[in-house]
Structures are given as C-alpha cells and as structure tokens.
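The values are calculated or read from the model by the stated rules, or taken from the named source; none is laboratory data. Since the structure is predicted, the reported quantities are computational estimates derived from the model, not experimental observations. No Cβ is skipped: glycine too gets one built from the backbone with ideal geometry, and neighbour counts run over all protein chains shown.
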Amino acid sequence: MATDTQTGEITEQDPLEPLRHLSAGTFPDDFAEDLAELITAVQDTGKSGTLTLVLKVEQKGRYDQIEVTPDIKLKRPRHTLPSSLFYTTDGGDGASGMRLVREDPRQTELDLRTTEANIRPLRKASGE
C-alpha cells in the first residue's frame, strides 16, 4: 500500500513497480533481452528452455531498509548433436592405452580388389 501525498488516499502499489527500478533501472531491459533470446532458441530448436528470476531480499541497516538483488538464469535449449559409433581397442598399455576407433578391430579385413568385367552376350533360352 502507498499513500498519495496530495490526497492522503491509501492506494495499492503495483507489485511489479519495484522491479522497474532494480539494477539502476536496467533490469526490465536485461530481462526482456534474455526472454527474447530464450524464445528465439525455443523456436529454433523446438525444445523448451527456462528463464528463472531469483530475487534476494535482505534487511540493510535500519528495519525499514531492504536490499533487493536480482539474479536472472537463462537455460537455452540446444540442438541435439548426432551420436557416433566407435569401437574400443587396447593400445597395449592396459586401460590407459585404450583408444576409440571407427573400425571394429576384431573384424578381419577382406582382400577386395577390382577385376575386369567379363561381359558375354545373353543367349536365348531354349524352346523359344
């Protein structure tokens, strides 16, 4: 509640009014920028994110002095990165020598080579 200094009438205060004055008046713009960034990231990824506002409120000095410190935490959604399949191989040093490789080390290699094509004309089937 607040008292109108001209009329003496008691009025209710807008509960968001103090937020407009946080951080020397920069809080509304900072919050709006983070919210816009979150909305863009959500639209870009199709995943959800969060924007968390924490207000630390503590008494300072006299009983009627209150300090309010805002903390904005933005958690943007991220694109899912594709996974890759690897095989483990013992590098000879035990666990410390373990490596990740793309080809299965237990798979024997086939000696594949290119050959000349032996193309013959097709023959007609008998009985035609």
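Please go through region 38-55 and give me each residue that is polar (S, T, N, Q), out of contact with any Ser or Thr (no Cβ under 9 Å at 6 or more places or on another chain) and in a helix (DSSP H, G or I), ordered by number. Steps first, answer last, please.
Looking only at region 38-55, we keep the residues that are polar (S, T, N, Q), and these are 40, 43, 45, 48, 50, 52.
Cutting the leftovers down to out of contact with any Ser or Thr (no Cβ under 9 Å at 6 or more places or on another chain) gives us 40, 43, 48, 50, 52.
Passing the criteria: T40, Q43.
Go through (1) exposed (fewer than 11 other Cβ atoms within 10 Å of the Cβ); (2) touching a Leu at 6+ places or on another chain (Cβ under 8 Å); (3) in a helix (DSSP H, G or I) for F31 and report which single condition fails.
Of (1) exposed (fewer than 11 other Cβ atoms within 10 Å of the Cβ); (2) touching a Leu at 6+ places or on another chain (Cβ under 8 Å); (3) in a helix (DSSP H, G or I), only one is false for F31: (1).
Which residue is nearest to the chain's Cα centre (by Cα), if the candidates are limited to region 3-18 and must be free of Cβ contacts under 8 Å to residues at least 24 places away in the same chain and under 28 Å from I72 (Cα atoms)?
Filtering first and then ranking leaves L16.
One residue is enough: does region 95-102 have a residue meeting the conditions among the small types (G, A, S) and under 29 Å from the mean Cα position of the chain (by Cα)?
Checked region 95-102: no residue is among the small types (G, A, S) and under 29 Å from the mean Cα position of the chain (by Cα).
Cβ-Cβ below 6 Å, separation at least six or inter-chain, first residue in region 116-128 and at negative phi, second at pLDDT 80 or above: which pairs?
none
Inspect all residues belonging to region 56-70 and state whether any of them is at pLDDT 85 or above, assigned to a loop (DSSP other than H, G, I, E, B), touching a helix residue (DSSP H, G or I) at 6+ places or on another chain (Cβ under 7 Å) and under 30 Å from S23 (Cβ atoms).
Scanning region 56-70 turns up no residue that is at pLDDT 85 or above, assigned to a loop (DSSP other than H, G, I, E, B), touching a helix residue (DSSP H, G or I) at 6+ places or on another chain (Cβ under 7 Å) and under 30 Å from S23 (Cβ atoms).
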